[in-house]
Amino acid sequence: MRILIVEDEKKVAEFIRKGMQQEGYAVDVAYDGEEGAYQAENFDYDAVILDLMLPKLPGLDLLHKIRVRKPSLPVLILTARGSVEDKVAGLDSGASDYLVKPFAFAELSARIRALLRRGAQESTTLRLADLEMNTATRVTTRAGHRIDLKPKEFALLEFLLRNAKRPVTRTMIIEHVWDIHFDSVSNVVDVHINSLRNQVDRGFSVPLIHTLRGVGYILTDEAV
């Protein structure tokens, strides 16, 4: 899952970025409205956290641009403007949710998870064969045995499960699991795939994670 933070207060942006990364999200940050508009338009995000009081382009104007180009993209407004009028204006302008500063990170994280579930229109449980992941509790099991995953491993397996039985390229994985500063020449994707194989497939007669030569990977319980 990849999130865009549009926030001009660098300490606040860094606080949110670190927290979201610790939970396994890929995170990009824009410090003004124009940069936020550029990134939202040119990159694929699963959610946006948007401040209202931004330099160069106000938050509501940016929200309008997002809604024109990507009407279903979840956008959470995070702002110090907490009057009823401000909240109504934000929600009427197309915000998916509205949270007032100061805020608790746990609440922000929970609201983002709720938006992602709502946007995907699916339950919190992802399954393929005997592999099961609960994206709310972040518990993963295979054949009832718990698999303890690091944040990036969880994010990678979640992406594979959301695209189960469909080929995914390394570029697709990088775009959804890592951020725009990631070195695409690195072999970190292959390293994480190998780590997942050791935890998901080792000891089972039916492997689920397969390499497609010249393409990328596929998560499936069918013959490849």
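Any read-out appearing in this document is the output of simple, stated calculations on the displayed coordinates, not a laboratory observation. Computed from a predicted structure; not experimentally measured. Counting neighbours? That spans all protein chains shown, and the Cβs are built from the backbone with ideal geometry, glycine included.
Dividing the helix sum by the residues of the chain, where each DSSP H run of 4 or more adds -39500 (n - 2.57), gives a mean residue ellipticity at 222 nm of -12500 deg cm²/dmol. Taking the square roots of five times each eigenvalue of the Cα gyration tensor of the range 125-219, the equivalent ellipsoid has semi-axes of 21, 15, 12 Å, listed largest first. The order of Ile5, Ile209, going from fewest to most other C-beta atoms within 10 Å of their C-beta, is Ile209, Ile5.
Between 0 and 90 degrees, the angle of helix 105-120 with respect to the longest Cα principal axis of the chain falls at about 70 degrees. Taking 0.36 nm per residue of sequence separation and removing the Cα-Cα distance, the Val84/Thr169 pair yields an extension gain of 26.1 nm. The aspartates and glutamates whose alpha-carbon is closer than 19 Å to the alpha-carbon of Lys87, local same-chain residues fewer than 8 away aside, are Glu7, Asp51, Asp61, Asp97, Glu107. Going 7 Å from the Cα of Asp201 along its beta-carbon direction, which residues of the range 157-175 have the amide nitrogen within less than 20 Å of the resulting point? Taking a point 7 Å out along Cα→Cβ of Asp201, the residues of the range 157-175 whose backbone N falls under 20 Å are 157-174.
Label separation (Thr124 vs Val224): 3.0 nm, computed from points 7 Å beyond Cα along the C-beta direction.
Here's the picture: charge each Lys and Arg Cβ at +1 and each Asp and Glu Cβ at -1 in the chain, and of Leu115, Phe43, Ile209 the one pushed furthest to the positive end of that dipole is Ile209. The angle between the Cα long axis of helix 59-69 and the main principal axis of the chain comes to about 50°, on a 0 to 90 degree scale. For the chain, the Cα-based Rg and Dmax, in that order, read 18.6, 60 Å.
Dipole size of the range 125-219 about its Cα centre, with +1 on Lys/Arg Cβ and -1 on Asp/Glu Cβ: approximately 260 debye, rounded to the nearest 20.
Around the Cα centre of the range 2-120, unit charges on the Cβ atoms of Lys, Arg, Asp and Glu (plus for the first two, minus for the last two) sum to a dipole of about 340 debye.
For Lys70 and Leu91 in the same chain, what is the full-extension length gain: residue separation times 0.36 nm, less their Cα-Cα distance, in nm?
Answer, rounded to one decimal: 6.0 nm.
Take the Cα of Met53, step 7 Å toward its Cβ, do the same at Glu34, and the gap between the two points is 2.2 nm. Kirkwood radius, the range 1-115, all distinct C-alpha pairs, inverse of mean reciprocal distance: 13.7 Å. Separation of the alpha carbons by more than 21 angstrom is noted, of Lys11/Lys56; Lys10/Lys65; Lys101/Lys152; Lys18/Lys152, for Lys10/Lys65; Lys101/Lys152.
Between the residues Ile174, Met20, Ala155, the greatest Cα displacement towards the positive end of the dipole of the chain, with unit charges on the Cβ of Lys, Arg, Asp and Glu, is found for Ala155.
When restricted to Cα atoms, the range 83-133 yields an Rg and a Dmax of 15.2, 49 Å, respectively. Mind putting a number on the dipole of the range 1-66 about its Cα centre? Charges go on the C-beta only, +1 for Lys and Arg and -1 for Asp and Glu, and I need it in Debye to the nearest 20. Result for the range 1-66 is approximately 160 debye, rounded to the nearest 20.
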